[in-house]
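Heads up, the thing below is written out as structure tokens.
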Amino acid sequence: MLKLLSSSCLVLALAAPLAAQQAPPAPPVIVTTGEGLVKQAPDRAWVSIAAESRARTAQEAQRLNTDAMTAVVEKIKAAGVPADAIQTAGYNLQPEFDYQNGKQTLRGYVARNQVQVRVDVLAKTGEVITAAVATGATNVSGVRFDLKDRDTHEREALRLAVQDARRRADYAARGAGVTIDRVVRIEEQRDMSDGPRPMALRMEMQLAEKGPAAVPLEAGEIEVRSRVTLTVSIR
């Protein structure tokens, strides 16, 4: 039994290097990178709207802020924004103090409620902001523009990136005097910091004595990029 086991081990030990010798060598390859860029006018906007209320007591500050924000949200809905496009982004209630001669004195309390609003009709963005400010909003920030059908544009950018990488591989093969056999691998280079995200653009808001003026917004263009690495075998 021991003799048989020893013989089996010897056969396996000899077979391993033999198989390695018979393995075909890896084919030569060309590796290139490609980039695709799609530019598109935005068709969706996001805006953060908040209301702040101050009072001597926490309860009063909370009550005033609830009344103010309820009016703001109702006005936003009246401007054509559906309820599911309005989401609370933050709420806080905290004390405020005065400092004099090294002493801390309670001044009162401030309540702040912030909502994020999705505007699917881009032309209404200024109207929504104006309506919110006229009703009691005290802070408007973070106007961002995006694309409703971003996935479609991302796929197009990816297609262009692959085309670019293949074109570069063709030129490299032609310059080296070789022929491309087949595509071995395509890797998409995903960078979270450079991935799909709304583009923050400039917003100007002018408040006149008679109330909020028109809000000029510059939507510009959204750039959707894709990068790939292409590996092809040659002969």
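Structural remarks
- Remark: accessible surface ordering of Y109, Y99 (largest first) is Y99, Y109, probe radius 1.4 Å.
- Listed values for region 172-179 are Karplus-derived 3J(HN,Hα) couplings in whole Hz (6.51 cos²θ - 1.76 cosθ + 1.60, θ = phi - 60°), namely 5, 5, 5, x, 8, x, 10, 10, and x replaces Gly and Pro.
- Think of region 73-131 as having a plus end and a minus end, set by charges on the Cβ of Lys, Arg, Asp and Glu; of Y91, V73, Y109, Y109 sits farthest toward the positive end of this dipole.
- Note that region 157-165 has calculated 3J(HN,Hα) couplings of 4, 5, 4, 5, 5, 5, 4, 4, 5 Hz, one per residue in order, obtained from phi through the Karplus relation 6.51 cos²θ - 1.76 cosθ + 1.60 (θ = phi - 60°); glycine and proline are x.
- Among the trypsin sites (Lys or Arg not before Pro) in region 116-161, those located in a DSSP loop and surrounded by at most 16 other Cβ atoms within 10 Å of their own Cβ are K148.
- Positive-pole candidate from G175, A137, H153, dipole of region 136-177, charges at beta carbon: G175
- For region 45-57, Karplus couplings with θ = phi - 60° (6.51, -1.76, 1.60), whole Hz, Gly/Pro x: 10, 10, 8, 9, 10, 9, 10, 10, 9, 10, 7, 6, 10
- Estimated from the Cβ-Cβ distance and a Förster radius of 35 angstrom, the FRET efficiency linking V178 and D43 is about 0.15.
The values are calculated or read from the model by the stated rules, or taken from the named source; none is laboratory data. Keep in mind it's a predicted model, so treat the numbers as computed, not measured. Every residue, glycine among them, receives a Cβ derived from its backbone with ideal geometry; neighbour counts consider all protein chains shown. Side chains included, ligands, DNA and RNA excluded: accessible areas come from the protein's heavy atoms. Shrake-Rupley method; radii C 1.70, N 1.55, O 1.52, S 1.80 Å.
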